[in-house]
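The values are calculated or read from the model by the stated rules, or taken from the named source; none is laboratory data. Fair warning: this is a prediction, and the values are worked out from it, not measured in the lab. Note: ideal-geometry Cβ built from the backbone for every residue, glycine included; neighbour counts use all protein chains shown.
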Amino acid sequence: MIYYASENVAIPNLHRYKIKGWLRRVALSYQKKVGDLTYIFCDDEKILEVNRQFLKHDYYTDVITFDYSEGDTISGDIFISLDTVRSNAEKYGVPYGEELQRVMVHGVLHLCGVNDKGPGERKKMEAAENQALTLFW
């Protein structure tokens, strides 16, 4: 199941049925199944609080993923700052909805085993995001 929650912001208008199928296709492309995913949409202050409390990082970010996966079933909580998604959309000159989809799938890709912190991993993550976005229909 895919769940949606929010803190300090409204849940964005999403095509939930399409998103469910899309995320299943993305997971399947990594030989994974979707278990329980919870998207928590929030503002910058909430994501900063989560980043400080759980990761000991003192900066804003667009997405933080907590992985509860077992075996080939991905599960987790994915915090998304809608403030940062909006500013990144403006910064990169892309529609807000597209940037939101990119960030939503970014969390799922982490749950599928794609990393972005080590040498060369950021380019691999960007390629994985781009590939995943082509699966949205």
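For residue 102, are the conditions met, namely being under 15 Å from the mean Cα position of the chain (by Cα), under 19 Å from residue 125 (Cα atoms) and free of Cβ contacts under 8 Å to residues at least 12 places away in the same chain? So residue 102 fails the test.
Among the numbered conditions (1) under 26 Å from residue 137 (Cβ atoms); (2) in a helix (DSSP H, G or I); (3) touching a residue at least 40 places away in the same chain (Cβ under 8 Å), the only one that residue 30 does not meet is (2). Residue 106 satisfies every condition listed in (1) modelled with pLDDT under 95; (2) crowded, with 18+ Cβ neighbours inside 10 Å except (1). Apart from one condition, residue 77 fits all of (1) under 13 Å from the mean Cα position of the chain (by Cα); (2) assigned to a helix (DSSP H, G or I); the exception is (2).
Filter the range 33-49 for residues that are under 26 Å from residue 71 (Cβ atoms) and assigned to a helix (DSSP H, G or I) and give the result. Those that are under 26 Å from residue 71 (Cβ atoms) and assigned to a helix (DSSP H, G or I): none in the range 33-49. When the test is whether a residue is of a type outside the set (D, E, K, R), modelled with pLDDT of 95 or more and in a helix (DSSP H, G or I), residue 94 does not pass it.
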